[in-house]
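What follows is one structure encoded as structure tokens, with my remarks underneath.
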Amino acid sequence: MLETALHEEMTEHLGRVKNQADPGRESSNVRNGTRAETVIPDAVGEVSVEVPRDRESTFEPQIVRQRQRRLSGVDEIVLSLYAKGMTAGEI
């Protein structure tokens with residue numbers, strides 16, 4: 001769930017989906033792999049998350065910020081998504 005949200009943040013940042021050509025070539029900024037972050041949600045032990053990077057290093061994710069180790073509120077988000085009808089696999 002976290003990685004999907006991070007990839008959506010990157011799509012919003014770049015203004016196009018992965019592997020989509022930039023017709024105007026306004027920016028040379030493209031996806032540039034991922035970096036591993038180990039975070040600690042509220043009630044769970046350590047979780048490794050792959051955070052996407054961009055070539056120009058201008059992407060600053062809001063969900064898992066750089067060097068952030070603690071995540072709060074993840075349990076509430078998961079429970080609310082489950083209550084809204086999403087399955088565990090979708091979450």
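The values are calculated or read from the model by the stated rules, or taken from the named source; none is laboratory data. Remember, predicted model here, so these are calculated numbers, not experimental data. Ideal geometry is used to build each Cβ from the backbone, glycine not excepted, and the neighbour counts take in all protein chains shown.
Things to note:
- Assessment of the stretch 72-79 against the conditions (in a loop (DSSP other than H, G, I, E, B), aliphatic (A, V, I, L, M) and either at pLDDT 75 or above or surrounded by fewer than 13 Cβ atoms within 10 Å (Cβ to Cβ) (or both)) yields no matching residue.
- Residue match in the stretch 32-40 (condition: outside any strand (DSSP E or B) and either at negative phi or of a type in the set (Asp, Glu) (or both)): no
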